[in-house]
Amino acid sequence: MAIRRITSACLTQSTRRANAFLSTPSIHFRPNSIPQARHFQITSIRLEQQANTSAKRDPAPKIIRGQSKVFKDADAAVKDLKSGAVILSAGFGLCGTAETIIAAIERRGKDGLNNLTAVSNNAGAAGGGGLSPLVASGQIERLILSYLGGNKFLEKKYLSGEIAIELCPQGTIAERIRAGGAGIPAFFTPTGINTLLQSGDIPVRLGPVDQATGKSTILEKGKPRETRIFDGKVYGMETAIEGDLAILRAWKVDEAGNCQFRYTTKAFGQVVGKAAKVTIVEAENIVPVGDIHPDNVHLQGIYVDRIVPSTVEKVIEIRKLKEVEGQAEGGKKSEALLRRERIARRTSKELKHGYYVNLGVAGLPTLAPSYLDPETKVWIQSENGLLGMGPYPTEDEIDADIINAGKETVTMVPGASTFDSAESFAMIRGGHIDVSVLGALQVSANGDLANFMIPGKVFKGMGGAMDLVGNPDQTKIMVATEHVAKDGSAKIVESCALPLTGARCVSTIITDLCVFEVDRVKGGLTLTELAPGVDVEEVRSKTDAKFAVADDIKSME
């Protein structure tokens, strides 16, 4: 019997010769004809790793295994926190924020604890709460967040150069934190491609105003993203975020550190708790081990190092109530209200029965469901971790732990579910949402969207918008907006002058005057519908982009 002996092999010849040999079609041997064995010598390649023996001071508190995790109060739990620490702060708006722990950190004072870097979805509200006290005290030197919102105090500190702010999309922050807790150093994402985020042109720290130009100098630029192409699509690399300390609030915590959250307080609570060297949880209820059913543990005790009782009352940032039927009637509707209703009514026609829909954070997009036919059921997703969002609550239904992405109180429909922000944006980037409706500052003829920043005037942050438009091939992106801005300038333009949220992402534009369909591949707009009393010439006069006109223009009503 012919024998082939295959030796351990590889590549003293050139890699090309070896590959050529390995790719040669099968060779058939005659009996008793044994070819000479081909010998390859293998030399393993080892990547040298340097031991991390740096003498850099570790600002994280020390963990002592075996001791009780329950501390008498938050002051004792943060007593050994050092200046220069990176703090991961849970919460969305003021929902789920660790107010008790934040107050204890503030009591340490700037002299005792400073130069902190804080990572959070947002940095609290203008009226206080969340990280606002630490910003005001000057203990936070640097922030990584997605949204400032209406926090004018923080915006002013950034524009004056008093604080550094690294803007990062909401879903990307969640995934960077999740990756940090999972030991994954970096990942590639479609979010932010062809925007200032990718190019690194969103300043992190500003300096004094240049007297010659009247513009602020830039002391620290953003970091450009490395890009790679996968299946013909460009993705940007994001690095993981790890913290020295994570602070969060949970509804119920047992003495082993197992945590159970309520509703939308999960948003960042679960992900930040897994990504820090030390995690402190403030508990509304501290219970004995075994009191939380294993199926109800949302953050496992292995991640939690310190537990403190929560002593600060929950704060509702935006108390939004359901309008009582007939309450808004009686007066003549303003022109502005009529325009908004027209846009919302037309937008509702895009929401088909059974669709999974994201409606942005506030404003026009959120009005659409109120115009749905009663027989049309859609699942509304709010990116702070809620699928199955219902209408605003009555006074009796208000729950501080149930909010939408606009930080407003809401309700949930039967069949709703809640989850953390990393899961929420996996649904979004993964293309599981059928339609996403957003507002706009500008939309271009190619479907480019700008809706998060006006340089020198508005610095709110992109929130989740960049993630929401990250997969337009699978999730239809629609814009619902008034046709012109308050100053009369056009919002539909040939090319966006404002910083982009996403490129070639918008498929449909609905305004108070008309409907445009967008060719995202070739570029260009087609006018398909007109509002009653509006003609093509009026649309042309208020649009700074060329557009084609459909042969059969329909009415928006």
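Structure notes:
- Options ARG429, ARG520: the member that is assigned by the TED database to the domain that holds LYS546, over 19 Å from GLU350 (Cα atoms) and open to solvent by 20 Å² or more (accessible area, probe 1.4 Å): ARG429
- Each residue in segment 408-421 was checked for being over 22 Å from THR475 (Cα atoms), surrounded by 22 or more Cβ atoms within 10 Å (Cβ to Cβ) and not aliphatic (A, V, I, L, M), and 1 pass.
- Elements of type strands (runs of 3 or more DSSP E) contained in segment 203-254, each with 2 or more residues being modelled with pLDDT under 95: 205-209, 216-220
- Scan of segment 490-508 for residues that are part of a loop (DSSP other than H, G, I, E, B), in contact with an Asp or Glu (Cβ under 9 Å, 6 or more places away or on another chain) and either of a type in the set (A, V, I, L, M) or free of Cβ contacts under 8 Å to residues at least 24 places away in the same chain (or both), ordered by number: LEU500, ALA503
- Checking each residue in segment 167-205 for being on the phi > 0 side of the Ramachandran plot, in contact with an Asp or Glu (Cβ under 9 Å, 6 or more places away or on another chain) and open to solvent by 20 Å² or more (accessible area, probe 1.4 Å) picks out only ASN194.
- Count of segment 243-265 residues which are open to solvent by 20 Å² or more (accessible area, probe 1.4 Å) and under 17 Å from the mean Cα position of the chain (by Cα): 0
- Checking each residue in segment 332-359 for being part of a helix (DSSP H, G or I) and buried (at least 17 other Cβ atoms within 10 Å of the Cβ) picks out ARG339, ARG340, ARG342, ILE343, ALA344, ARG345, ARG346, THR347, SER348.
- Residue match in segment 384-393 (condition: open to solvent by 60 Å² or more (accessible area, probe 1.4 Å), in contact (Cβ under 8 Å) with a residue 24 or more places away in the chain and part of a loop (DSSP other than H, G, I, E, B)): yes
- Within the span defined as segment 451-465, one or more residues are touching a residue at least 60 places away in the same chain (Cβ under 8 Å), in contact with a Gly (Cβ under 7 Å, 6 or more places away or on another chain) and open to solvent by less than 10 Å² (accessible area, probe 1.4 Å).
- When VAL515, VAL539 are screened for being in a helix (DSSP H, G or I) and of a type in the set (A, V, I, L, M), only VAL539 passes.
- Taking the criterion of being open to solvent by less than 10 Å² (accessible area, probe 1.4 Å) and in contact with a Pro (Cβ under 9 Å, 6 or more places away or on another chain), the residues of segment 73-92 that qualify are ALA74, ALA77, VAL78, LEU81, ALA85.
- Residue match in segment 407-425 (condition: part of a loop (DSSP other than H, G, I, E, B), without any contact (Cβ under 8 Å) to a residue 60 or more places away in the chain and out of contact with any Pro (no Cβ under 8 Å at 6 or more places or on another chain)): no
The values are calculated or read from the model by the stated rules, or taken from the named source; none is laboratory data. Model, not experiment: these values are computed from the prediction. Because the Cβ atoms are built from the backbone with ideal geometry, glycine has one as well, and the counts that use them run over all protein chains shown. Just the protein is used for accessible areas: all its heavy atoms, side chains included, with ligands, DNA and RNA removed. Shrake-Rupley method; radii C 1.70, N 1.55, O 1.52, S 1.80 Å.
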